[in-house]
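Only one structure is covered here, and it is reproduced in the block below.
The values are calculated or read from the model by the stated rules, or taken from the named source; none is laboratory data. Here the structure is a predicted model, which is why all the values come from computation and not from measurement. Note that we place each Cβ from the backbone using ideal geometry, even for glycine, and neighbour counts take in every protein chain shown. Only protein heavy atoms, including side chains, enter the accessible area calculation; ligands, DNA and RNA are left aside. Shrake-Rupley method; radii C 1.70, N 1.55, O 1.52, S 1.80 Å.
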Amino acid sequence: GSLYGDLVLGTSAFYNAGALGYYADVNVTLPEDDSFIRTLIGVQLKPSESTLLNVEVYLQSLGEAEPSDYLSQYTSPRFSRGELWLAGQLYGAVAGQLEITPLVNLGGAIIYNPLDTSVLAMPTLTWSVAENATASAGGLIGLGRNATIDASPGALNLRSEFGHLPSVLFLSASLYY
């Protein structure tokens with residue numbers, strides 16, 4: 001395919017082995033100046049009919065290794081247009097869903113950046129209000145070392161990817177027709 005004028009090659013694979021599912025994605029973007037790779041490998045576990053768990057590792061070669069370089073990633077064209085949404089290079093993630101009742105699900109995800117030891121936690125509670133309506137509550141909670149501002153020249157100094165993010169709580173309702 002082509003994305004913003006760059007050639008993009010990708011493939012995905014999934015293998016189901018009973019209660020375990022294995023999956024992987026590899027994308028290579030070939031711009032004129034410098035190519036980069038994004039890859040994800042994961043395992044999906046369904047320990048019961050009401051429980052689902054995914055464990056993943058994600059790598060993007062275009063990401064930054066040092067928190068002090070994240071600002072350059074945040075201001076890059078690829079990040080600002082949504083082509084990339086993470087600034088670092090390596091991540092681990094755990095996501096899960098638990099059916100509490102047939103109408104209420106508890107879910108969430110945790111994304112971990114091991115290079116700066118920061119975490120983004122995303123809990124969610126969803127209620128199926130009617131056949132065509134849901135209500136949800138949840139949050140986005142960033143944990144890690146907070147950013148600092150250098151006294152001179154007054155520049156922002158990021159010390160982790162998720163530590164400087166504000167915590168956000170949300171309520172939402174959806175109606176389908």
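Can you give the calculated 222 nm mean residue ellipticity of the chain, where each DSSP H run of n ≥ 4 adds -39,500 (n - 2.57) and the sum is split over every residue, rounded to the nearest 500 deg cm²/dmol? List each step's numbers first, then the result.
On the way: 2 runs with 9 residues, N = 177.
-1000 deg cm²/dmol, from helical runs alone.
By accessible area, using a 1.4 Å probe on protein heavy atoms only, the chain has 63% of its surface on carbon and sulfur.
To the nearest µm²/s, what D does Stokes-Einstein give for the range 86-137 at 20 °C and 1.002 mPa s, using the Kirkwood radius over alpha carbon pairs as Rh?
Values: Rh = 12.6 Å.
Rounded, D is 170 µm²/s.
If you build the convex hull over the alpha carbons only and average its shadow over all orientations, what do you get for the chain? Give it in nm² to one decimal.
Values: hull surface 52.7 nm².
Mean shadow area of the hull around the Cα atoms is 13.2 nm².
Tell me, what is the percent relative contact order of the range 66-177, built from C-alpha pairs under 8 Å that lie six or more residues apart? Rounded, it is 22 percent for the range 66-177. Taking all protein chains together, Thr75, Thr101 sort by accessible area into Thr75, Thr101, largest first [probe 1.4 Å]. Only one residue of Pro102, Pro47, Gln60 has its Cα farthest out toward the positive end of the dipole of the range 24-177, where Lys and Arg carry +1 and Asp and Glu -1 on Cβ, and that residue is Pro102.
Dipole check for the chain: with +1 at the C-beta of Lys and Arg, -1 at the C-beta of Asp and Glu, and the Cα centre as origin, the magnitude is about 400 Debye. Of the two radii for the range 94-177, the radius of gyration is 1.18 times the Kirkwood radius, both from the alpha carbons; that is the Rg over Rh value. Label-to-label distance, Ala121 versus Thr148, with points set 7 angstrom from Cα along the beta-carbon direction: 2.5 nm.
Accessible area per residue, 1.4 Å probe, Å², for the chain: what's the number? Mind showing how you got there, number by number?
Details: 10750 Å² over 177 residues.
Result: 61 Å² of accessible area for each residue.
In the range 81-177, which GluC sites (Glu not before Pro) are in a loop and have at most 14 other Cβ atoms within 10 Å, using DSSP for the loop call? Walk me through the intermediate numbers first.
Values: sites: Glu83, Glu99, Glu131, Glu161; in loops: Glu83, Glu131, Glu161.
Hits after loop and neighbour filter: Glu131.
Taking the Cβ of Leu115 as the center, what net charge do the other residues with Cβ under 13 Å away carry, scoring Lys and Arg +1 and Asp and Glu -1? All intermediate terms of the calculation are to be shown ahead of the outcome.
Numbers: positive: Arg145, Arg159; negative: Glu64, Glu66, Asp69, Asp116, Glu161.
It works out to a net charge of -3.
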